[in-house]
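S.K.: Supplied in structure tokens, the structure appears directly below.
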Amino acid sequence: MKHTLSVLLQNKPGVLSRVTGLFSGRGFNIESLCVAETLDPGISCLTLVTRGDNSIIEQITKQLHKLIDVIKVTDISEKEYVEREMVLIRIKAESQTRAEVLRVIDIFRGKVVDVSSRSYAVEVTGSASKIQALIDLLKPIGIKEIVRTGTIAMARASKNK
Amino acid sequence: MVKMTGSQAIVKCLQEEGVKTIFGYPGGAVIDLFDALMDSDITNVLVRHEQGAVHAADSFSRVTGEVGVALLTSGPGATNGVTGIATAYCDSIPMVILTGQVPRSLIGNDAFQEVDIVGITRPCTKHNYLVSNKEDLVPVLREAFYIARTGRPGPVLVDLPKDLMAGQLTYPEQKPIRMQNYQPTYEPHIGQIAKACKQILKSRKPVLYVGGGVILSDAHKALEELAINLNIPVTMTLMGLGAFPGSHPLSMGMLGMHGSYTANMAVAQSDLLIAVGARFDDRVTGKLEEFACNAKIIHIDIDPTSISKNVKVDIPIVADCQYALTAINSWFSKEPGINIKEEAAQHEAWLETIREWSAKYPMTYKEEGELIKPQYVIEMLDKLTGGNAIITTEVGQNQMWTAQFFKFNKPRHFVTSGGLGTMGFGLPAAIGAQMAFPDRLVIDVAGDGSIQMNIQELATAKQYNCPVKIAILNNSYLGMVRQWQELFYDKRYASTVMEVTPDFVKLAEAYGAVGLRATKKSEVVPVIEKALASNNVVIMDFSIAREENVYPMVPAGKATTEMLLV
């Protein structure tokens, strides 16, 4: 099962390597990892996507929490949440495919961010599965370069409040 | 606000933490700190190898319960300490390790004697720090001591750049430490305590399975109260030995790979396993699916990651062992309608079964004329010291025989590297224990292999008048590995034969210590008596039956009921 963990940590040197060292040392896997400052510059938020059965996820959560620099660990995939990933793709766009590429990008609500005579660079955001669907469509046309941010996620606001 | 050098501030901070003895080895990066120490009442024990410093400080902590402190220089000094740090980490020993670092302007430049020791020790410390500005120096040290001794204890390393120690700073006032991100749970959840107690009432075949956590939290009194009041048999892990009196009729001794027949059978057949401060290590459980498979499991541990890590637990209690056991005891004394005597009597049939196992398969060995059996040496050490000595061990057969045949009746009297299994631990550990208690008898039970890993510490023992006694169970083999080769590798003794072994008697004499040798059984007692009568460091070299094995033994990966017996 895929789980998305949101981890608040002290924004200090070496903290990220404590987290990644924990994963490599204990044989847990990281599918993607994204980290940046929060509103409080002393605290970072790390979004991490991992896989495992319940007992593994329980261990991962507890082990993360045991790190002194970790403030809070939430398995946000346990509740309603939104996830987004951004991708930058440079696609081959020669005369016969230029129009088709633009149509596909439009369907995915993407934006062209760089143009040359033989390629487009586009920016698309969405869930990991949407990004994957786009990649699958563009592959036959010819992807020259691709950079993904990894997932960031946020729990949805409680509807009762 | 007092101005002083960084080094003086460190010394002052150590004094505020109550540190009287540290173990260290100097070098360029820590020369200022050693200089400042000279003006203080803190004794530095100059070891002969940094690994020895960390083991000795670790042992100092194990016997006193205080935070052990080691001081090492940068680069190789720090890396030599890593095995010691990992040893303390695996056994949850509270320690602060201070390492020197090259000046801040040189960090990252591959400077002389520079290593990224914070990076290297990240996975084997509870936490570590590189101090990067002078305002942080004292607060970081205070936090290091706080983290080391609270929660599940562990070693904390503080890396100290040389220029910070040489420079001036203003000594900050002491403030209570509050960490937003680190708040260990001490108090148990009352609902869980009640659930556990009700489960204990339902049980007819309960077993207390206790580990080092009971000793670390000084919970032995509360444990005794629970076990004796409710008539519950107790088995201990290697780290738990001494948590419950080994000579008490309710003690079943150690469990696991080299545990007693009784303990392993009792765990397998029990209907309720009460795990206290233990972590279901593979050496204890054997094949996981068959471990305590008929039992409900209550697990008390201060570290949530220990719970349900290896074995699914029915009633988890995250708490300090002492708090939790005290809460259980008070539940039983306060809950209306419970007659403790009647409850205790319910376990009589179970205890009878246990007594039968013990009578049928006691911890034993075969006598063979004048051959010295290592188990006999341990029994005689126990007898002739009245069980009062602090015993340290090396790792391997010597360690297991000690665990099996020495009856530890008090906590903090058995010092051994359990989790990491570090050879070379015993001698520096003996020195650490002797520095903590100069008037007590300290004995290192060693093998001829392990003792050679830190034999240089004999000089330290001499220099600081630590009259430790070293009992070498000498079989000129790396005995535990040889035993595995005999049993599971067709007797192919690959690299386990010590074809050259030094003359330990002469070696002792070379260091100014006393060397004694026994080659026959009848010489064992006189040699021990002579050693105990000496106020010098003594090596006792016992030429033991060479291919004696440690039994019972559960082959790795087998269920703990599948024991090979004598």
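S.K.: Condition first: within 12 Å of another protein chain (Cβ to nearest Cβ) and either more than 17 Å from B:Pro304 (Cβ to Cβ) or surrounded by 11 or more Cβ atoms within 10 Å (Cβ to Cβ) (or both). Now tell me which residues in the range B:168-184 satisfy that. Working first, answer last.
M.R.: Here is the first cut: in the range B:168-184, the ones within 12 Å of another protein chain (Cβ to nearest Cβ) are B:179-184.
If the condition is that a residue be within 12 Å of another protein chain (Cβ to nearest Cβ) and either more than 17 Å from B:Pro304 (Cβ to Cβ) or surrounded by 11 or more Cβ atoms within 10 Å (Cβ to Cβ) (or both), then B:Met179, B:Gln180, B:Asn181, B:Tyr182, B:Pro184 are the ones that fit.
S.K.: Name the pairs: first residue in the range A:62-80 and more than 7 Å from chain B (Cβ to nearest Cβ), second residue outside any helix (DSSP H, G or I) and surrounded by fewer than 19 Cβ atoms within 10 Å (Cβ to Cβ), Cβ to Cβ under 6 Å, at least 6 apart or on different chains?
M.R.: A:Lys72/A:Leu8; A:Ile76/A:Ala155; A:Lys79/A:Ala155; A:Glu80/A:Arg156
S.K.: For the range B:495-545, how many residues are touching a residue at least 60 places away in the same chain (Cβ under 8 Å), outside any loop (DSSP other than H, G, I, E, B) and not charged (D, E, K, R)?
M.R.: Total meeting the criteria: 13.
S.K.: Assess whether A:Thr38 counts as being over 30 Å from B:Ala86 (Cβ atoms) and of a type in the set (Val, Ile, Thr).
M.R.: Numbers: over 30 Å from B:Ala86 (Cβ atoms): yes; of a type in the set (Val, Ile, Thr): yes.
Criteria met by A:Thr38.
S.K.: While we're here: Looking only at the range B:283-298, how many residues end up being surrounded by fewer than 24 Cβ atoms within 10 Å (Cβ to Cβ) and within 21 Å of B:Gly242 (Cα to Cα)?
M.R.: Residues in the range B:283-298 being surrounded by fewer than 24 Cβ atoms within 10 Å (Cβ to Cβ) and within 21 Å of B:Gly242 (Cα to Cα): 2 in total.
S.K.: Among the residues of the range B:137-167, write down those that are within 21 Å of the chain's Cα centre (by Cα) and surrounded by fewer than 22 Cβ atoms within 10 Å (Cβ to Cβ).
M.R.: Result: B:Tyr146, B:Arg149, B:Thr150, B:Gly151, B:Arg152.
S.K.: Exactly one of these conditions fails for B:Met423: (1) assigned by TED's automatic domain parsing to the domain that holds B:Ser476; (2) within 28 Å of B:Ile302 (Cα to Cα). Give me its number.
M.R.: Of the numbered conditions (1) assigned by TED's automatic domain parsing to the domain that holds B:Ser476; (2) within 28 Å of B:Ile302 (Cα to Cα), the odd one out for B:Met423 is (2).
S.K.: Further question on the same structure: Looking at A:Glu145, A:Glu94, A:Glu100, which is the one that is more than 30 Å from B:Val318 (Cα to Cα), of a type in the set (Asp, Glu) and in contact with a strand residue (DSSP E or B) (Cβ under 6 Å, 6 or more places away or on another chain)? Write out each step before concluding.
M.R.: Values: A:Glu94 fails: in contact with a strand residue (DSSP E or B) (Cβ under 6 Å, 6 or more places away or on another chain); A:Glu100 fails: in contact with a strand residue (DSSP E or B) (Cβ under 6 Å, 6 or more places away or on another chain).
Of A:Glu145, A:Glu94, A:Glu100, the one residue that is more than 30 Å from B:Val318 (Cα to Cα), of a type in the set (Asp, Glu) and in contact with a strand residue (DSSP E or B) (Cβ under 6 Å, 6 or more places away or on another chain) is A:Glu145.
S.K.: Conditions: (1) in a loop (DSSP other than H, G, I, E, B); (2) away from chain A (no Cβ under 11 Å); (3) surrounded by 15 or more Cβ atoms within 10 Å (Cβ to Cβ). B:Glu187 meets all but one. Number of the miss?
M.R.: Going through the list (1) in a loop (DSSP other than H, G, I, E, B); (2) away from chain A (no Cβ under 11 Å); (3) surrounded by 15 or more Cβ atoms within 10 Å (Cβ to Cβ), B:Glu187 breaks only (3).
S.K.: Looking at (1) surrounded by fewer than 18 Cβ atoms within 10 Å (Cβ to Cβ); (2) within 14 Å of chain A (Cβ to nearest Cβ); (3) of a type in the set (Val, Ile, Thr), find the lone condition where B:Val311 falls short.
M.R.: (1)
S.K.: Quick one: in the range B:314-348, which of the residues that are without any contact (Cβ under 8 Å) to a residue 24 or more places away in the chain and within 24 Å of B:Leu250 (Cα to Cα) is nearest to the chain's Cα centre (by Cα)?
M.R.: Pass one, the range B:314-348, residues without any contact (Cβ under 8 Å) to a residue 24 or more places away in the chain: B:330, B:333-334, B:336-337, B:339, B:341-342.
With within 24 Å of B:Leu250 (Cα to Cα) added as a condition, the list becomes B:330, B:333, B:339, B:341-342.
On the way: B:Ser330: 30, B:Ser333: 33, B:Asn339: 38, B:Lys341: 36, B:Glu342: 37 Å.
Per the criteria, the residue is B:Ser330.
S.K.: Would you say B:Leu487 is crowded, with 21+ Cβ neighbours inside 10 Å, among the hydrophobic types (A, V, I, L, M, F, W, C) and not assigned by TED's automatic domain parsing to the domain that holds B:Val67? Full working, then the answer.
M.R.: Values: crowded, with 21+ Cβ neighbours inside 10 Å: no; among the hydrophobic types (A, V, I, L, M, F, W, C): yes; not assigned by TED's automatic domain parsing to the domain that holds B:Val67: yes.
When the stated conditions are applied, B:Leu487 does not pass them.
S.K.: For the range A:87-131, enumerate the residues that are assigned to a strand (DSSP E or B), buried (at least 17 other Cβ atoms within 10 Å of the Cβ) and not polar (S, T, N, Q).
M.R.: Quick first cut of the range A:87-131, residues assigned to a strand (DSSP E or B) only: A:87-92, A:111-115, A:119-126.
Then keep just the ones that are buried (at least 17 other Cβ atoms within 10 Å of the Cβ); that gives A:87, A:89-91, A:119-122, A:124, A:126.
Those that are assigned to a strand (DSSP E or B), buried (at least 17 other Cβ atoms within 10 Å of the Cβ) and not polar (S, T, N, Q): A:Val87, A:Ile89, A:Arg90, A:Ile91, A:Tyr120, A:Ala121, A:Val122, A:Val124, A:Gly126.
S.K.: Can you find, within the range B:281-308, the residue that is farthest from B:Tyr182 (Cα to Cα) among those that are polar (S, T, N, Q) and either part of a loop (DSSP other than H, G, I, E, B) or within 14 Å of another protein chain (Cβ to nearest Cβ) (or both)? Outline the logic, then answer.
M.R.: Within the range B:281-308, the subset polar (S, T, N, Q) is B:285, B:294, B:305-306, B:308.
Restricting the remaining residues to those that are either part of a loop (DSSP other than H, G, I, E, B) or within 14 Å of another protein chain (Cβ to nearest Cβ) (or both) gives B:294, B:305-306, B:308.
Details: B:Asn294: 37, B:Thr305: 15, B:Ser306: 17, B:Ser308: 22 Å.
By that ranking, first place goes to B:Asn294.
S.K.: Another question, then. Looking at (1) under 16 Å from the mean Cα position of the chain (by Cα); (2) in a strand (DSSP E or B); (3) crowded, with 17+ Cβ neighbours inside 10 Å, which one does A:Leu134 not meet, given that it meets all the others?
M.R.: (2)
S.K.: Then there is this: Can B:Ala263 be described as farther than 23 Å from B:Glu187 by Cα, in contact with a Leu (Cβ under 7 Å, 6 or more places away or on another chain) and either in a strand (DSSP E or B) or touching a residue at least 60 places away in the same chain (Cβ under 8 Å) (or both)? Let's see the steps before the verdict.
M.R.: Numbers: farther than 23 Å from B:Glu187 by Cα: yes; in contact with a Leu (Cβ under 7 Å, 6 or more places away or on another chain): yes; either in a strand (DSSP E or B) or touching a residue at least 60 places away in the same chain (Cβ under 8 Å) (or both): no.
It is false that B:Ala263 is farther than 23 Å from B:Glu187 by Cα, in contact with a Leu (Cβ under 7 Å, 6 or more places away or on another chain) and either in a strand (DSSP E or B) or touching a residue at least 60 places away in the same chain (Cβ under 8 Å) (or both).
S.K.: Say whether the condition of being over 16 Å from A:Ile152 (Cα atoms) and among the polar types (S, T, N, Q) is met by at least one residue in the range A:41-58.
M.R.: Yes - at least one qualifying residue is present in the range A:41-58.
S.K.: Just to be sure before I move on: is B:Thr99 hydroxyl-bearing (Ser, Thr, Tyr) and within 11 Å of another protein chain (Cβ to nearest Cβ) in the structure I sent?
M.R.: Details: hydroxyl-bearing (Ser, Thr, Tyr): yes; within 11 Å of another protein chain (Cβ to nearest Cβ): no.
In short, no.
S.K.: What pairs come out if I take residues in the range B:225-249 that are at pLDDT 95 or above and pair them with residues that are assigned to a loop (DSSP other than H, G, I, E, B) and among the basic types (Lys, Arg) whose C-beta lies under 7 Å away, six or more apart or interchain?
M.R.: Pairs that qualify, where the first residue is at pLDDT 95 or above and the partner is assigned to a loop (DSSP other than H, G, I, E, B) and among the basic types (Lys, Arg), are B:Gly242/B:Lys410; B:Gly242/B:Arg412; B:Gly246/B:Lys407; B:Ser247/B:Lys407.
S.K.: Select from the range A:1-55 the residues that are of a type in the set (Gly, Ala, Ser) and away from chain B (no Cβ under 11 Å) and write down the one among them that is nearest to B:Pro123 (Cα to Cα).
M.R.: Let us first name the residues in the range A:1-55 that are of a type in the set (Gly, Ala, Ser), namely A:6, A:14, A:17, A:21, A:24-25, A:27, A:32, A:36, A:42, A:44, A:52, A:55.
Now restrict to residues that are away from chain B (no Cβ under 11 Å): A:6, A:27, A:32, A:36, A:44, A:52.
Numbers: A:Ser6: 22, A:Gly27: 13, A:Ser32: 22, A:Ala36: 24, A:Ser44: 21, A:Gly52: 22 Å.
It comes out as A:Gly27.
S.K.: Let me ask you something else. Hey, among B:Ala148, B:Ala111, which residue is small (Gly, Ala, Ser) and either in contact (Cβ under 8 Å) with a residue 24 or more places away in the chain or touching a strand residue (DSSP E or B) at 6+ places or on another chain (Cβ under 7 Å) (or both)?
M.R.: Details: B:Ala111 fails: either in contact (Cβ under 8 Å) with a residue 24 or more places away in the chain or touching a strand residue (DSSP E or B) at 6+ places or on another chain (Cβ under 7 Å) (or both).
Only one candidate qualifies: B:Ala148.
S.K.: Please go through the range A:21-53 and give me each residue that is under 24 Å from B:Asp303 (Cβ atoms), touching a residue at least 40 places away in the same chain (Cβ under 8 Å) and either surrounded by fewer than 17 Cβ atoms within 10 Å (Cβ to Cβ) or in contact with a strand residue (DSSP E or B) (Cβ under 8 Å, 6 or more places away or on another chain) (or both), ordered by number. Outline the logic, then answer.
M.R.: Residues of the range A:21-53 that are under 24 Å from B:Asp303 (Cβ atoms), as a first pass: A:21-30, A:46, A:48, A:50, A:52-53.
This time we only want the ones that are touching a residue at least 40 places away in the same chain (Cβ under 8 Å), so: A:22, A:46, A:48, A:50, A:52-53.
A:Leu46, A:Leu48, A:Thr50, A:Gly52, A:Asp53, listed by residue number.
The values are calculated or read from the model by the stated rules, or taken from the named source; none is laboratory data. Values in this document were obtained by computation on a predicted structure and should not be read as measured data. Neighbour counts run over all protein chains shown; Cβ positions are idealised from the backbone, glycine included.
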